[in-house]
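K.L.:
Have a look at the structure that comes next, please.
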Amino acid sequence: MPMQIINTRHTLPSAAAHPLPSIPLPQLMPRIRRSAHNETHDRAAADAILAERLTTALTSGYSMVQVPAGSTLSPLLTIYQQMLSQPELQNWIKSKGLETAKINMHKDFIEGYADNYGMRTAVKFTAADDSGWWQASVKLRGIRALLDPTDQGLNYVGDDDHWVPRNVVMHAFNLQAPDSQEDVDLLISRLRTDGLSLPADDRVRRDAALDCARQTINDLQERQNLAERLSLLVADLPDGSPVDWSSQASELSPGSPLAKDDHEARERLRRFIELPQMRELLRDEGAGWPGLPFRISEGKFEQLTPVGGWRDFTRYVEGLDALSGEFAALQELSEPLGNALYSTRRYDMRQLIDFKGLGSPRTAGETRSVIEWLRTSLPPAPPLGDYAGLMGREWAPGQLSENDKSTLGTLARTRLSGTQSRGFIELAGKAPQVLRTHTAKHLDNLLNSPDALAFGEQLGRAVNWYGAARGGPGLSKEVRQQLVIAAIKLHVDPDMPGKPGEVGGYPIYQPANMGRSLNDVRDDIEKHLREKKGLDPKLAILATHLCLAQAAPEFLVRDVPDAVHIGTPAWMELRLGCAMADSHAPGTSRVMNEEQVTGLTTLAPVSQAHQTLMQLHGLRIMADWGVLNGVVRQRRNGAYSQADIQDATKAFFKQRGDASAAFTAAASALPTRRTLAIKELLRVFPDLTAAQLETTTVQIADDQARRNMSVSEPRTRSIIETYMTGDLTPGKWALTQDMVAPTGRSKPATPYQSYRGPQAAADKRADLDRRLRRLPELGGLLEKKVDDHYKSLQGAYATKLKLMIAELPLMDRRALELGKVELFTLRGETDETLGNEIQAQREASRGRQGTLMRVEHDNQVRYYEIFAKGKIIRRTDLPEVLTLNGVVQREKLVVPNGSTNLYVRRGHVVGFDFDAYTKGSEPRPKARSSKIIIEKLGSTFEARVLPGNQGLNSFAPDTYTSKKTASIVSSLVAGNFPEAQNTMLERAREQLPLEERREAIARDHSLLVGLVPFVGAYQEFADGNIGRGMFYLTLDLAGVAIGAAGRARALIRSAKALGPAPVAGLIGKLRPSVSPLAPKAAWAKPGISFSDRAFDFAKETVLFGSAAMNPLDGYSQMVNAAVKGLDKLPRLIAGGSVRLGKVGPHLLSAEEKLRCYLMVAAGLSDGDTKLVDRPVVGTPGQLDRAQPRQYNGHWYSVDPRSGEPFGPPLRDYSPPRVSA
């Protein structure tokens, strides 16, 4: 139970369930100060000075302007300077050696000069690299965007340095940058006549935007402080420990919306407390202590007691009709305030956590999940987002209409195809293979080229975009780029954006792509655009990149390991992570790497609504997984039933559960003779530690026996070594520490007298003998443990093989399921005669690292080499019929009495790399090996008929769960496991040479890493058998970036192998940073992550339950839309296609909170949202936020932030009639 104080009528508060230590509050960010730079009260005078300086700069051609104190620009500049002075940003600048005087900051990068070992070098760091700029600049981002919204570049401004680019000044006063000398002269004349001034409406908008930026900065600082404080408070608590954060006071950041929004509610609570009925109730209860505050916390009415706890009066208040109604109203008022309301200006940590949309953690484990949320940060979305700003799946003001699309498509075809095509100048001279490297960079170069920007201007005029007409204000660079992007995409497909998961009619998640790498599928899409859509090879590369950003953003994530194949759980989590990253700003995921994106899926949902939102993202992903893996038949219209989704879910969690169990087995250490000896000795010597046992020795107890021993035999031995050799028998030994020298004369008087040496007391020897009799015989115990480990690894290997086979191309999986299958092994010659050759010799010469599989289907024979290392190679150069069992021939052999002719089995020259079969080395193409004997393994698996309700071309087998696959794998594992059991036993006895032990450990690593893409991203090394098993492997930490949680997924990011070195500190490096450093027995199961909840449809969920129980509630439409991947929840509801009942507002509120939370995590405020993402007018299905405005005979949407028209003309819009 959480910590709480429950009072009855005449009892005192009880002690807290788990008292929390008192931690001093972390230092909050200082209130944004009004420094000397803001002391001038005459803003008009300061702006007049600024106008003169701007005029001088324009006249003289200077690019920089000095801003006087007290001007309109000063408040923004003050905050900018304070953010630059933040310790984390200053430390980052110093770590890079940047010269502050030469820094130039843009939206997503910083450039300048750095001292590189005494050499001054031009450098550039971006939000999409691993320099840390994204994390260091998060608080700076919002204010930088206000000062430089057009991203011209902003310099570093020190405390006494108020120079800024002149375009910053012009933007602050809504002045358009001059394009010609004539424009410059006009601007100078205007400045001399009118000076600089900002209209009242513009000033209000600017101040509101500045408040948003301040609030974002304060919120980020508040998250940082809250995470640090919570980390200290739960540092030593087991995950299951109950906590009550409402008992911990909390400070708020300056300007916190929580403090701004609770004044009226607090006053109403005070009036409620002063009601006569309330005063009477408190008197009757012996409460109402003067000077102590009241609160409503999670629906309970409480007062702080003199002894420090909170007494609950809820049931008494609810029992009085005169109070219950007002109390219910106050409860409702407290909900948006973090579900708490105090009678004084007081706040608690639970309230602050809830206010941020992170729920109310009840345990230390749930609190650690909240800490992960508080520490989550995101990079800024790239300027062009997901390249779909003008063509969303649902039309909104600022986007292209169907007529606009037709116009752009026609112009694109004219320019990019046909006899008169001329393409883009930027692509001339660049080979396709060059464009495939750093495609995003080449695309940016194209979109920034004068040629492309001029084309964008032409496109804008063609669709009458606001400002594009000659003599108009012109189009921004970003709009021109988006128009060019739209034209290219419409050239690919006139129906853009097309169906979800498709590019130009190519279905990305079709069953044929199961098990393929993202790069291979991307190559296929490019080929499709060339051959089916007629695109130029160069343009096809760039068009594929543009289309994937919206259709399948996981393809554009940086540094995706090759092991992440389509259809694996790793791919599903990558898709889910992209959906989470892009939910607040499309395109964010394409500047993140795989580890960062997947890390989002390890966060735990904090509420049922949170989980439901993630399931909306997971529905389509689960449907695609089911189709790819053959669990669900592909539906042409993309409409999958609840049964389809639940079938896929059950199969998915069964597969991932198998992979997790196999991973645990593969990560478990081989039991060795020494580890077992130590374990058993510690059992009978519970008073010793492992370290003490290592130094414990025994001696031969009888001094006469010691005297008669051979000189080579040691008299004193380690107790561990003695047990390992089988010599530790009762009645023979004594502990060295128990040996005592005899009293009196010990030396013999004559050579014939006995020597009296040290002896142990009889009771000591008897105690040791009693302990030793409890020890099992180590040899038999080792054999049993190794046998269990061997069977466990066989099961893990079988799972890995099934997963490997399930990733074969669709045609191969069909043939395997329907055709005749045989297995074969390869071995070398034994050089024994036929009569003397035994099975053990044949097995010793067999290549256990590879197995050959022959599949015969539809009059075609296929061969596959299955290697234990994790690779399946299809062979097309082998004969239809193999020569089996070598050849038996008579040979003349030398015998003791001469020579004789005997039968010997010999092999052939075959087209296989036998080293790959015996040593596990990389198979060499076209290799040939001599003296090889091919033998059949197990029985033949006969062909089966095609299921009656399916055709061959549509048949996608569920290969992983197939009984036939299981039979094939079982036969392979039983007959050709990569390591013989007797060899494993020798390894456990530690009798193998070092090189062979290294090879065995490399095999274990290969098995382990092969399973990683199929286990959850949350799978950690921190606890349990996985952690302990990894002690016998060491990781080259330079070859892999271990994340804060130390998760298994990090293994596939390493190009280095695990080696045989026991590193005791490894698990410490892999452990989550917010968990205790030592595992504790009281730990609970780790919190369920999004990657679990988002895909768990096997049980009844809110989505399916509500859809079934309330078919008119809108849930069924929402589920259907989500399965089809059509749109996001807010737009579905805003468009009127989904109408939710009682839960709808709650779900929307949770979605909005999550979106805003992630937006702040990226350093943005709501005012930074793109124009094209904001519906603003009252056409059917849109939000009526601003009245359209007429310009040049067309009606345009109006941006409510600037009050200016934007976008293409509104089609079919009729202005409201003015009544007479």
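K.L.:
Would a scan of segment 285-308 turn up a residue that is part of a helix (DSSP H, G or I) and farther than 21 Å from Asp354 by Cα?
P.N.:
no
Matching residues to (1) in a loop (DSSP other than H, G, I, E, B); (2) surrounded by 15 or more Cβ atoms within 10 Å (Cβ to Cβ); (3) modelled with pLDDT of 75 or more:
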site: Ser1137; (1), (2), (3): yes, yes, no
site: Glu1151; (1), (2), (3): no, yes, yes
site: Val1160; (1), (2), (3): no, yes, yes
site: Leu1164; (1), (2), (3): yes, yes, yes
site: Gln1190; (1), (2), (3): no, no, yes
site: Trp1195; (1), (2), (3): no, yes, yes
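K.L.:
Now a separate question. Consider segment 102-126. How many of its residues are closer than 21 Å to Met83 by Cβ and at pLDDT below 90?
P.N.:
Of the residues in segment 102-126, 2 are closer than 21 Å to Met83 by Cβ and at pLDDT below 90.
K.L.:
For segment 522-551, give me each residue that is out of contact with any Phe, Trp or Tyr (no Cβ under 8 Å at 6 or more places or on another chain) and within 18 Å of Ile621 (Cβ to Cβ).
P.N.:
Result: Ala551, single match.
K.L.:
OK, next. Which of the numbered conditions does Tyr387 fail, given that it passes all the others? Conditions: (1) surrounded by fewer than 22 Cβ atoms within 10 Å (Cβ to Cβ); (2) within 29 Å of Glu1204 (Cβ to Cβ); (3) touching a residue at least 12 places away in the same chain (Cβ under 8 Å); (4) not β-branched (Val, Ile, Thr).
P.N.:
(1)
K.L.:
For residues that are exposed (fewer than 14 other Cβ atoms within 10 Å of the Cβ) and not hydroxyl-bearing (Ser, Thr, Tyr), scanning just segment 100-123, find the one that is nearest to Ala440 (Cα to Cα).
P.N.:
Among those residues, the one meeting the criterion is Ala122.
K.L.:
Which of the residues that make up segment 122-175 are charged (D, E, K, R), over 25 Å from Gly385 (Cα atoms) and in contact (Cβ under 8 Å) with a residue 60 or more places away in the chain?
P.N.:
Residues satisfying the conditions are Asp159, Arg166.
Matching residues to (1) acidic (Asp, Glu); (2) within 22 Å of Thr965 (Cα to Cα); (3) in contact with a Leu (Cβ under 9 Å, 6 or more places away or on another chain):
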| residue | (1), (2), (3) |
| --- | --- |
| His857 | no, yes, yes |
| Ile866 | no, yes, yes |
| Lys871 | no, yes, no |
| Asp877 | yes, no, no |
| Val887 | no, no, no |
| Glu891 | yes, no, yes |
| Val894 | no, no, no |
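K.L.:
Please work out which residue is surrounded by the most Cβ atoms within 10 Å (Cβ to Cβ), limiting yourself to segment 32-70 and to residues that are within 50 Å of the chain's Cα centre (by Cα), in a loop (DSSP other than H, G, I, E, B) and modelled with pLDDT under 85.
P.N.:
Top of the filtered list is Ile32.
K.L.:
Checking Asp108 against (1) of a type outside the set (Val, Ile, Thr); (2) under 19 Å from Gln152 (Cβ atoms); (3) in contact with a Leu (Cβ under 8 Å, 6 or more places away or on another chain): exactly one of these is not met. Which one?
P.N.:
(3)
K.L.:
Determine which member of the set Ala705, Ala648 is at pLDDT below 85 and either closer than 30 Å to Asp769 by Cβ or in a helix (DSSP H, G or I) (or both).
P.N.:
Exactly one residue qualifies, and that residue is Ala705.
K.L.:
Mind checking which residues of segment 607-637 are surrounded by 18 or more Cβ atoms within 10 Å (Cβ to Cβ), within 25 Å of His565 (Cβ to Cβ) and over 20 Å from the mean Cα position of the chain (by Cα)?
P.N.:
Correct list: Ala623, Gly626, Val627, Leu628, Asn629, Gly630, Val631, Val632, Gln634.
K.L.:
Checking Thr825 against (1) in a helix (DSSP H, G or I); (2) crowded, with 16+ Cβ neighbours inside 10 Å: exactly one of these is not met. Which one?
P.N.:
Just one mismatch for Thr825, condition (1).
K.L.:
If you don't mind, there's one more thing I want to ask. Quick check on this structure: which one of Glu298, Glu274, Glu302, Glu280 is among the charged types (D, E, K, R) and under 30 Å from Arg1155 (Cα atoms)?
P.N.:
Glu298
K.L.:
Considering only segment 973-1032, state which residues are modelled with pLDDT under 70, in a loop (DSSP other than H, G, I, E, B) and among the acidic types (Asp, Glu).
P.N.:
The answer is Asp1023, and nothing else.
K.L.:
Turning to a different aspect of this structure: Could you say which residue among Asp493, Asp524 is of a type in the set (Asp, Glu) and closer than 23 Å to Val463 by Cα?
P.N.:
Asp493
K.L.:
Right, another one. Across segment 355-401, what is the number of residues that are outside any helix (DSSP H, G or I) and on the phi < 0 side of the Ramachandran plot?
P.N.:
Total satisfying the criteria: 30.
K.L.:
Of everything in segment 243-274 that's among the hydrophobic types (A, V, I, L, M, F, W, C) and assigned to a helix (DSSP H, G or I), which residue is nearest to Pro290 (Cα to Cα)?
P.N.:
The residue in question is Ile273.
K.L.:
Moving on to the next point. For segment 163-205, how many residues are under 18 Å from Ala44 (Cα atoms) and either outside the structural domain of Val67 (by TED's automatic domain parsing) or among the charged types (D, E, K, R) (or both)?
P.N.:
6
K.L.:
I'd like to check which helices (runs of 4 or more DSSP H) are fully inside segment 109-203 and have at least 1 residues that are in contact with a Ser or Thr (Cβ under 8 Å, 6 or more places away or on another chain) and within 26 Å of Asn91 (Cβ to Cβ).
P.N.:
Per the criteria, 133-136, 141-147.
K.L.:
Taking only pairs six or more apart or across chains, which ones have beta-carbon atoms under 7 Å, a first residue in segment 176-204 that is over 16 Å from Ser71 (Cβ atoms), and a second residue that is of a type in the set (Ser, Thr, Tyr)?
P.N.:
Taking only residues 6 or more apart or on different chains, the pairs are Ile188/Thr55; Ile188/Thr59; Arg192/Thr55.
K.L.:
Select from segment 862-899 the residues that are among the β-branched types (Val, Ile, Thr) and either buried (at least 18 other Cβ atoms within 10 Å of the Cβ) or outside any strand (DSSP E or B) (or both) and list them in ascending order.
P.N.:
Across segment 862-899, the qualifying residues are Ile866, Thr876, Val881, Thr883.
K.L.:
Against the definition (in contact (Cβ under 8 Å) with a residue 40 or more places away in the chain, touching a Lys or Arg at 6+ places or on another chain (Cβ under 9 Å) and in a helix (DSSP H, G or I)), how does Gln277 come out, yes or no?
P.N.:
Considered against the rule, which asks whether it is in contact (Cβ under 8 Å) with a residue 40 or more places away in the chain, touching a Lys or Arg at 6+ places or on another chain (Cβ under 9 Å) and in a helix (DSSP H, G or I), Gln277 comes out as no.
K.L.:
Scan Leu447, Leu475, Leu427 and give me the residue that is of a type in the set (A, V, I, L, M, F, W, C) and more than 17 Å from Leu384 (Cβ to Cβ).
P.N.:
Going through Leu447, Leu475, Leu427 in turn, just one is of a type in the set (A, V, I, L, M, F, W, C) and more than 17 Å from Leu384 (Cβ to Cβ): Leu427.
K.L.:
Now a separate question. Picking from Arg848, Arg854, Arg842, which residue would you name as being over 45 Å from the mean Cα position of the chain (by Cα), buried (at least 16 other Cβ atoms within 10 Å of the Cβ) and more than 18 Å from Lys926 (Cα to Cα)?
P.N.:
Arg842
K.L.:
Still on this model: Please determine, by comparing only the residues of segment 783-825 that are among the hydrophobic types (A, V, I, L, M, F, W, C) and over 35 Å from the mean Cα position of the chain (by Cα), which one is farthest from Glu942 (Cα to Cα).
P.N.:
If we take residues in segment 783-825 being among the hydrophobic types (A, V, I, L, M, F, W, C) and over 35 Å from the mean Cα position of the chain (by Cα), then Val786 is farthest from Glu942 (Cα to Cα).
The values are calculated or read from the model by the stated rules, or taken from the named source; none is laboratory data. Bear in mind the structure is a predicted one, so any value in this text is a computation, not a measurement. Cβ coordinates were reconstructed from backbone atoms using ideal geometry, including for glycine residues, and neighbour counts include every protein chain displayed.
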